[in-house]
1. What dipole magnitude, in Debye to the nearest 20, does region 1-125 give about its Cα centre under +1 on Lys/Arg Cβ and -1 on Asp/Glu Cβ?
2. Just going by the charge dipole of region 195-235, with Lys and Arg at +1 and Asp and Glu at -1 on Cβ, which of 213, 195, 229 is farthest out on the positive end?
3. For region 12-183, give me the percentage of DSSP beta bridges that are antiparallel, rounded to the nearest 5 percent.
4. Given R₀ = 35 Å, what would the calculated FRET efficiency be for residue 181 paired with residue 268, taking r from the Cβ atoms and rounding to 0.05?
5. Taking the Cα centre of region 187-275 as origin, work out the dipole magnitude from +1 charges on Lys and Arg Cβ and -1 charges on Asp and Glu Cβ, in debye rounded to 20.
6. Taking the convex hull of the Cα atoms, report for region 120-207 its projected area averaged over all directions, in nm².
7. Return the lysines within reach of residue 32: Cα separation strictly under 30 angstrom, same-chain partners fewer than 8 residues apart disregarded; answer none if there are no such residues.
8. Within the chain, what percent of beta bridges assigned by DSSP are antiparallel, to the nearest 5?
Amino acid sequence: MSSVSPQSTPIYGKVALIGLGLIASSLFWAMKRGNLAGTVSGYARSQETRDTAREIGLCDEVCDSAAEACEGADLVVLCVPVGAMAQVAKEISPVLKSGACVTDVGSVKGAVIEAVSPHIPENVHFIPAHPLAGTEHSGPRSGFAELFDNRWCLLVPSEGAAPEAIAKLRALWEGVGSNVDEMDAEHHDLVLAVTSHAPHLIAYTMVGVADDLGRVTDGEVIQYSAAGFRDFTRIAASDPTMWRDVFLNNKEATLEILGRFTEELFALQRAIRMGDGEQLFDYFTRTRAIRRGIIEAGQDTDAPDFGRGTKSTE
Ligand code: NAP
């Protein structure tokens, strides 16, 4: 349960959510829980998603175009895959209200800033953000109000961004239960390459390897998968569009981290071949301390089944 109490008056009058998947729907339920928005409009690309949203009461109003949803909005949150940000920003640009704030929740910041900034009118604030919270599920039915509780949200304001607009957006993310920090885009993309993007690629690879390995049957992999492999399969079940876009748009940082990863992997591989138990033991002792640090920081649980249930994949 969150310790966040509802606001007596909403932070924003009208909020528009563009894209109605996991993050947008969680944001909607969390904003309602905290009374953070007067009214919320929404738009998603497919009729099917818009129909589902109407059916489950996701958003006060579901519109048939992104521009219609953004009319009169005080805050617009772009909740679409990273590769779709530019097109959506272009579409909504002409209707953005003077003084409004546009933000996004994309998992990559440098590429999104480059794609969206040219479409933001001068009288509109653009403050990119990234909530470090997610699950392997996607779509309008996958969201829940508690997703952001005690998770970090990173704001990536440009140098000239208005302090009052940043403060308001910070209040919104705090209101949905997040801890908020600020970071520059380049550093954000490097940090996320280490903590999220490279680990996802490794999980995808490991699950692919198990699938390809003829000598171990699929049945054995599923039946005898201990926690390690099961956690990999959970991560590797994440949305293919979202993750394709993450790697295409955070190329440099991800490749840098994967280069380092490969070097370390070779070193461990050599230690195994040479029977160097001391090197393996020392390495595993160091990594165990990192796990303890994550638990002490409240970012995961010490429970033996960690990684299952609705755990963050970001
Ligand atoms: P999702 O559940 O797959 O939802 C994506 C939504 O975007 C869908 O409603 C989809 O509409 C809509 N969409 C796609 N292309 C569009 C377009 N061109 N115009 C309008 N709507 C479009 O994805 P998500 O997990 O919420 O991710 C959304 C964003 O959050 C991504 O940028 C991702 O990087 C970021 N993020 C994700 C996580 C995570 O763990 N999932 C965590 C933090 C940040 P249809 O349903 O009609 O296709």
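The values are calculated or read from the model by the stated rules, or taken from the named source; none is laboratory data. Since this is a predicted model, take the numbers as computed values, not measurements. No Cβ is skipped: glycine too gets one built from the backbone with ideal geometry, and neighbour counts run over all protein chains shown. SASA here: full protein model, heavy atoms, side chains in, ligands and nucleic acids out. Shrake-Rupley method; radii C 1.70, N 1.55, O 1.52, S 1.80 Å.
1. That gives a dipole near 300 debye.
2. Farthest towards the positive end: 195.
3. Values: 3 of 25 bridges.
Looking only at bridges with both residues in region 12-183, the antiparallel portion is about 10 percent.
4. Numbers: r = 32 Å, r/R0 = 0.92.
The value I calculate is 0.60.
5. Working: 8 positive and 12 negative charges, 52 e Å.
Here the size comes out at about 260 debye.
6. Numbers: hull surface 29.7 nm².
Convex hull of Cα atoms, orientation-averaged projection: 7.4 nm².
7. Within the straight-line limit of under 30 Å, residue 32 reaches these lysines: 14, 90, 97, 109, 168, 311.
8. Numbers: 3 of 25 bridges.
The antiparallel proportion sits near 10 percent.
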